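Note sheet for the following structure.
The values are calculated or read from the model by the stated rules, or taken from the named source; none is laboratory data. Every value quoted in this text rests on a predicted model; they were computed, and no experiment measured them. Note: ideal-geometry Cβ built from the backbone for every residue, glycine included; neighbour counts use all protein chains shown. Note: accessible area is taken over every heavy atom of the protein model, side chains too, but ligands, DNA and RNA are not part of it. Shrake-Rupley method; radii C 1.70, N 1.55, O 1.52, S 1.80 Å.
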Amino acid sequence: MERWLDELAAAQTPAARRNALVIAGLWLTIFATIPLRYYLGSDPSDERFAWRMFSAVRVQQCRVGASERVHGEERSLDLFTFVHTAWVTALERNREGAVQKLLALRCHEPGTEEVRLVRRCASAAGRAEPSIVYARDCASGTTKVEAQ
Amino acid sequence: MSGTKASRSSGAESQAGAAPTDAIDRYFFGDVATVRPWLLERFVLVLLAVDCFVLRIARAGRYGAGGFNVAHFRWLDAIAPVPSASGQVHLTLLTGFLALLFAISRPPRAAMLLLSALYTYTWAISQLDSYQHHYLLSWFLVAFALFPRTETARDAITRRASAWAYVLVLDTCAVVYAYTAYSKLEPEWRSGTALRSIVGGTGAFDSLQRLGAALSLEGDDWWRLVGSSVVLLQVGICTAYVLTARRDAPSKWLPWAATGGMLLAVSFHVGAELLDLEIGWFSWYMIGIAVIAFSPARILEVVSAPIARAWDALADLGTPEPGVEEPRALTLVLLAVSAGGVVVIAALLDVPGASTAGVAAGIWLAASTGVTFVRHGAARARPLLVSGILAALTMWLCVAVSDARYDYYRFTGGDLRRRGDLAGALHAYEKANRYAPPGKSRQDRVDSLRRALRAREHRTTN
């Protein structure tokens with residue numbers, strides 16, 4: 001393998017140059033295509049791999065609050081008591097994976113019937129954005145998402 | 001374990017081998033001052049290593065806290081275990097050690113691919129690390145496996161040769177800036193609202209604002225102009241990166257374009273640093289890459305000459321005196337001592353996971369040196385051992401003189417306290433105090449936790 005990599009790196013033969021160009025073409029195509037996942041996708045808050053540093057989405061100021069219904073009784077959740085602060089930040093940024101995992105985790109607690117996560121944001125201009133509410137029914141495992 | 005035999009001839013062959021024919025050929029395979037890829041590879045590897053030792057270790061305590069984790073990719077979540085703080089320390093230190101070792105030695109190309117895989121795992125395993133430049137560096141590390149190699153550093157910094165993987169790195173940077181520019185076309189950026197929100201009360205743009213006021217450009221108009229100009233700036237940087245692949249071709253205007261590109265890139269990232277944005281060392285990586293890519297080759301050759309001399313001196317350490325044959329046993333003894341030394345140095349770091357990282361690093365060093373010894377003799381093996389010890393000592397120094405351990409333990413203490421593990425928090429804060437900079441002791445936390453634990457114990461016994 002080392003000799004093949006040496007020849008590819010040097011690209012002195014027509015075959016090596018052809019391989020190099022194929023690799024370069026694939027590389028740039030893949031690298032340039034990955035960010036389109038954001039622009040063609042449905043989640044405007046997940047800016048990973050999209051090179052959107054300090055976008056209008058990123059500068060939003062967001063807070064999350066959580067509550068759950070256990071044995072018919074509603075109670076609020078202090079997220080900091082069971083996940084690291086950094087994950088609370090991820091929830092504030094509406095990271096889908098973190099949201100779903102948190103809701104599933106709380107549903108595993110005995111007696112938990114429903115878990116709700118509410119995300120409130122203000123835009124860069126200070127305008128309140130519609131709140132997003134995730135409500136997971138623990139019995140069915142389905143999560144409803146509402147903008148309020 | 002070095003694969004440079006083919007590379008010794010690559011530089012000479014490029015002068016006599018197949019010359020680029022069409023434009024694409026010229027773009028990718030035209031001669032480049034090889035000081036650029038040589039310096040860029042070393043710069044990124046060294047900065048990456050120090051980044052691992054100083055910044056990433058500090059934050060490793062959050063991994064696996066409360067058993068909660070989400071990887072960047074669903075398939076990775078499905079197959080990989082939930083990371084732990086000690087596991088993350090282990091992987092991060094090992095990654096940094098290998099990066100530094102590879103920067104000062106001659107690793108096989110395949111080893112660079114392994115480093116890329118290891119480094120990628122350290123960020124991909126958790127969305128706790130969402131720094132986009134870590135993702136970018138993963139790509140660069142793969143490209144480094146295909147950078148030109150020469151027998152000596154002196155050759156590397158004085159030659160011209162084809163370096164298509166280096167051109168690929170430049171084009172990759174161009175794509176990054178293209179998308180960054182595109183993202184700034186949003187109304188909130190063009191209106192200046194987003195930038196105003198970022199700058200806030202930092203005062204970073206005060207002098208520019210005063211200049212604007214002198215030109216009757218104030219308030220919303222000023223912010224709109226500056227916000228919009230960020231787009232143009234990033235388009236300019238993108239264009240410069242594409243063009244600078246041909247920086248070393250004879251041209252009247254390319255040097256000017258390169259200089260312009262460097263000014264734009266450096267000013268943009270220095271500005272980002274002044275805003276104190278929480279982006280890790282992204283700006284420093286990009287400033288370094290810009291300087292290497294856009295500067296005149298002659299300047300880079302002069303600047304890198306002492307580095308190259310040191311690199312060659314290290315590589316020559318194992319060369320025996322003419323006519324003298326040294327006993328193989330001596331090299332084996334040195335191997336054992338060096339590998340053991342790496343283990344001990346890592347253990348002294350006093351961070352969970354550091355000892356196992358030292359063992360892994362020691363095993364790598366021993367194995368790679370052993371293979372090098374068998375294939376190429378003591379002359380190649382011994383410099384690798386010295387490089388390993390140097391890398392380990394640098395690792396220790398970076399962790400010891402920085403706030404990495406203090407931050408690791410105080411962040412861990414804070415998290416454990418919030419999650420109700422008072423005993424664990426007390427232990428963490430006591431450790432943090434051991435490494436606290438002057439005036440930053442967490443003794444108040446230690447005292448309050450001791451009181452809380454005594455009260456809890458009192459309630460339990462009653």
From other protein chains only, count the Cβ atoms within 10 Å of every residue's Cβ in B:169-176, then give the mean. 3
Taking the Cα centre of each part, how many Å lie between the range B:127-170 and the range A:66-97? 42
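Between B:Leu275 and B:Ala249, what FRET efficiency comes out of the Förster formula 1/(1 + (r/R0)^6) with R0 = 51 Å and r the beta carbon distance, rounded to 0.05?
Using R0 = 51 Å, I get an efficiency of 0.90.
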If you roll a 1.4 Å probe over the heavy atoms of the protein chains, what accessible area per residue do you get for the range A:6-148, in Å²? 49
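If you stretched the chain out fully between A:Arg63 and A:Thr85, how much longer would it get, using 0.36 nm times the residue separation minus the C-alpha to C-alpha distance?
6.7 nm
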Per-residue average of Cβ from other chains inside 10 Å of A:32-40: 3
Using R₀ = 35 Å, calculate the FRET efficiency as 1/(1 + (r/R₀)^6) where r is the Cβ-Cβ separation of B:Ala213 and B:Thr259; round to 0.05. 0.70
Sort out the exposed loop trypsin sites (Lys or Arg not before Pro) in chain B (DSSP loop, at most 13 other Cβ within 10 Å) and tell me the longest stretch that has none. B:1-251
Fully extended contour minus Cα-Cα distance, from B:Arg459 to B:Arg26, at 0.36 nm per residue: 148.0 nm
With labels modelled as points extended 7 Å from the Cα through the Cβ direction, what inter-label distance (nm, one decimal) is found for B:Leu114 paired with A:Val133? 5.5
For the range B:386-397, Karplus couplings with θ = phi - 60° (6.51, -1.76, 1.60), whole Hz, Gly/Pro x: 5, 4, x, 5, 4, 4, 5, 5, 5, 4, 4, 4
Which FRET efficiency value, to the nearest 0.05, is calculated for B:Asp447 and A:His108 with the Förster distance at 41 angstrom and r the Cβ-Cβ distance? 0.65
Would you mind checking the range B:104-118 for residues with the amide N under 18 Å from a putative spin-label position 7 Å along Cα→C-beta of B:Val374? B:108-111
Output row B,A: buried area (accessible, probe 1.4 Å, summed both chains) in Å², nearest hundred, equals 5600
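Chymotrypsin sites (Phe, Trp or Tyr not before Pro) within the range A:40-148: which are DSSP loop residues with at most 15 other Cβ atoms inside 10 Å?
none
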What number, rounded to the nearest 500 deg cm²/dmol, is the helix-based mean residue ellipticity at 222 nm of the protein assembly as shown, given -39500 (n - 2.57) per DSSP H run of at least four residues and division by all its residues? -20000 deg cm²/dmol
Can you pull the one-decimal nm distance between simple spin-label points at A:Glu2 and B:Leu348, each 7 Å off the Cα toward Cβ? 3.2
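Over chain B, calculate the relative contact order: mean separation of alpha carbon pairs under 8 Å at least 6 apart, over the residue count, as a percent.
20
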If amide H atoms are built 1.01 Å from N in the plane of the peptide, which residues on other chains or at least 5 residues away come under 5 Å of the amide H of B:Ser162? B:Val32
Give me the inter-chain shielding for B:131-138: mean count of other chain Cβ atoms within 10 Å, whole number please. 2
Taking θ = phi - 60°, what integer Hz values does the Karplus form 6.51 cos²θ - 1.76 cosθ + 1.60 yield along the range B:348-357, in sequence order, with x for Gly and Pro? 5, 5, 6, 10, x, x, 6, 5, 5, 4
